[in-house]
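Below you'll find the structure, written out as structure tokens, and then a few comments.
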Amino acid sequence: MKIYPIPAFGDNYLWLAAAGDRALVVDPGDAAPVLAALDKHSLRLDTLLITHHHADHTGGVGELKRLTGARVYGPDDGRIEHIDQVVREGDRIALPWLDASLAVLEVPGHTRSHIAYVARDRLFCGDTLFAGGCGRLFEGTPEQMWHALSRLASLPLHTRVYCAHEYTQANLRFAQAVEPDNQALLARIRRVAHQRAAGEPTVPSTLADELATNPFLRVREPDVIRAAEAHAGQPLTTPVEVFAALRAWKNDF
């Protein structure tokens, strides 16, 4: 399986996974760059995977389906058009041509129907988990998002995290405000700066990177708790409370 990032909208990544001459694309918010990537790599589109309903993740679905006949999988959400098969928690999408099946995880928080896909050690998580951060809570609760992130955090450490946006530098600036003495974080900030200076994507990351540097996965760490309490101006007694305080802080950072 080869995976290529397709840049779109300035900071989105539409992910293309290919084997042989076939491809799937995750969250095709725009058809044009997908068609260009298929042509560049001499691929034909077989499958579209949707994580949630936002337009920057779904805007190209109709045109791509019309032009290629690709089969569309997505969550149970009437706001998403053109879905051929609704998938839910525990479902598996078998793609023999890819020599892999994709497990479906329900991860509400960013939206109420958000899902993620896991293929072997690759996680396509949309806007739930970002490199160094997490998505805003547009429709879900802190409890839901913390539960979703905890589920993703339980995957193997070598899992590669294919999130949908190039937000890494901004996320790591916030992470440094939370944990200024985290040496793994400082090393990651330097590495990411080199990547961006070279015009390279900073994703995928690994789950090991996220557990070492992403404050939203580190809400049980004493330094993270202290920073969140200081910002919130009150004691925080549960991981959900710490997460909620961090998310509120990041919203205004």
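The values are calculated or read from the model by the stated rules, or taken from the named source; none is laboratory data. Just so we're clear, the structure is a prediction, and the values are computed from it rather than from any experiment. A quick note on method: Cβ atoms are made from the backbone with ideal geometry, for glycine too, and the neighbour counts reach across all protein chains shown. SASA here: full protein model, heavy atoms, side chains in, ligands and nucleic acids out. Shrake-Rupley method; radii C 1.70, N 1.55, O 1.52, S 1.80 Å.
Take the residues of segment 174-185 that are under 22 Å from the mean Cα position of the chain (by Cα) and open to solvent by 20 Å² or more (accessible area, probe 1.4 Å): which is nearest to Asn251 (Cα to Cα)? Per the stated criteria, the residue is Gln176. The set of residues in segment 7-37 that are assigned to a helix (DSSP H, G or I), among the aliphatic types (A, V, I, L, M) and open to solvent by 10 Å² or more (accessible area, probe 1.4 Å) comprises Ala32, Leu35, Ala36, Ala37. Scan segment 52-63 and tell me whether some residue there is open to solvent by less than 60 Å² (accessible area, probe 1.4 Å), under 30 Å from His158 (Cβ atoms) and of a type in the set (D, E, K, R). Yes, some residue in segment 52-63 is open to solvent by less than 60 Å² (accessible area, probe 1.4 Å), under 30 Å from His158 (Cβ atoms) and of a type in the set (D, E, K, R).
Among the residues of segment 161-173, just one is open to solvent by less than 50 Å² (accessible area, probe 1.4 Å) and either farther than 27 Å from Gly29 by Cα or of a type in the set (D, E, K, R) (or both), namely Glu166.
Checking every residue in segment 108-115 against the condition of being outside any loop (DSSP other than H, G, I, E, B), open to solvent by less than 10 Å² (accessible area, probe 1.4 Å) and over 27 Å from Ala36 (Cα atoms) gives zero matches. Taking segment 203-248 as the range and being open to solvent by less than 50 Å² (accessible area, probe 1.4 Å) and either more than 26 Å from Gly126 (Cβ to Cβ) or among the hydroxyl-bearing types (Ser, Thr, Tyr) (or both) as the test, the residues that pass are Ser205, Thr206, Thr213, Ile225, Ala227, Ala232, Leu236. Can you confirm whether segment 125-145 contains a residue that is among the aliphatic types (A, V, I, L, M), free of Cβ contacts under 8 Å to residues at least 60 places away in the same chain, open to solvent by 40 Å² or more (accessible area, probe 1.4 Å) and more than 23 Å from Leu43 (Cβ to Cβ)? No - not one qualifying residue is present in segment 125-145. Residues of segment 189-200 that are open to solvent by less than 50 Å² (accessible area, probe 1.4 Å) and within 17 Å of Tyr4 (Cα to Cα): Gln195 alone. With respect to being farther than 15 Å from Ala32 by Cβ and of a type in the set (Asp, Glu), Asp56 falls outside the description. Filtering segment 90-107 to residues that are over 16 Å from Leu155 (Cβ atoms) and open to solvent by 30 Å² or more (accessible area, probe 1.4 Å) leaves Asp91, Ala94, Pro96, Trp97, Asp99. Evaluate the following for Glu106: is it closer than 20 Å to Tyr73 by Cβ, among the acidic types (Asp, Glu) and at pLDDT 95 or above? Criteria met by Glu106.
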